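*Asks:* First the structure, then my questions, so here it is.
Laboratory data are not the source of any read-out in this text; all were calculated from the coordinates shown. Source: prediction; values computed, not measured. Every residue, glycine among them, receives a Cβ derived from its backbone with ideal geometry; neighbour counts consider all protein chains shown.
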Amino acid sequence: MPVRVLIVDDDPAFRRRGATLLAERGYQVVCEAETLELARAAIARARPDALLLDVTLPDGDGIAFAQELARADGAMRVLLTSSDAGAVPTRLLERSGAAGFVAKVDLAAADLTPYLG
């Protein structure tokens, strides 16, 4: 059974590229969201196994959202991403509860299995 992923990013072009990349690797993209508000609704509705989550969103901070998800559930895997390769220093990643961080430019070449399952 494929891992069900929600993509949360405010850039529609990145969401399309991310969805294609994930599908090519056997993941099932169950939905997309451009804000944290929409992500919360999508999580409740679609019950994804994992999130590909942008660090900077129009209505909040992806790192704080990852922390919120880790405290609430802990089972949902979160892979943080950003166009800024230095956006998530190791100490923030450890505190976030996210499975990892991959810069957007490195996403296509990265092994996503350790992060998304």
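*Asks:* If each residue of separation counts as 0.36 nm, what is the full-extension length gain between residue 13 and residue 91 once their alpha-carbon separation is subtracted? Numbers along the way, then the final one.
*Replies:* On the way: separation 78, 0.36 × 78 = 28.08 nm, distance 2.98 nm.
25.1 nm is the gain from fully extending residue 13 to residue 91.
*Asks:* Let me ask you something else. Quick one: what are the phi-derived ³J(HN,Hα) couplings along the stretch 44-60, Karplus 6.51/-1.76/1.60 with θ = phi - 60°, whole Hz, x for glycine and proline?
*Replies:* Per residue, the Karplus-derived 3J(HN,Hα) values read 5, 7, 9, 6, x, 7, 8, 10, 9, 10, 5, 6, 10, 10, x, 10, x Hz.
*Asks:* Another question, if that's okay. What dipole magnitude, in Debye to the nearest 20, does the chain give about its Cα centre under +1 on Lys/Arg Cβ and -1 on Asp/Glu Cβ? All intermediate terms of the calculation are to be shown ahead of the outcome.
*Replies:* On the way: 13 positive and 17 negative charges, 73 e Å.
Dipole of the chain, to the nearest 20 debye: 340 debye.
*Asks:* Calculated from the structure, Cα Rg over 2.2 N^0.38 Å equals which of [x] 1.14; [y] 0.93; [z] 1.04?
*Replies:* Matching entry in [x] 1.14; [y] 0.93; [z] 1.04: [y].
*Asks:* Please give the length that would be gained between residue 75 and residue 61 if that part of the chain were fully extended, namely 0.36 nm times their separation in residues minus their C-alpha to C-alpha distance (nm, one decimal).
*Replies:* Values: separation 14, 0.36 × 14 = 5.04 nm, distance 2.01 nm.
Fully extending the segment from residue 75 to residue 61 adds 3.0 nm.
*Asks:* Please list 3J(HN,Hα) in residue order for the stretch 13-23, calculated via the Karplus relation 6.51 cos²θ - 1.76 cosθ + 1.60 where θ = phi - 60°; whole Hz, with x for glycine and proline.
*Replies:* Karplus values, whole Hz, x for Gly and Pro: 5, 5, 4, 5, 4, x, 5, 5, 4, 5, 4.
*Asks:* Oh, and also: For every helix of n ≥ 4 consecutive DSSP H residues, a contribution of -39,500 (n - 2.57) applies; sum these over the chain, divide by its total residues, and give [θ] at 222 nm rounded to the nearest 500 deg cm²/dmol.
*Replies:* On the way: 5 runs with 46 residues, N = 117.
Estimated from H runs of four or more residues: -11000 deg cm²/dmol.
*Asks:* Additional query: Near residue 15, within a Cβ-to-Cβ distance under 10 Å, what is the net charge of the other residues, with Lys and Arg +1 and Asp and Glu -1? Walk me through the numbers before you get to the answer.
*Replies:* Values: positive: 16, 17; negative: 9, 10, 11, 32, 34, 54.
After counting each charged neighbour, the total is -4.
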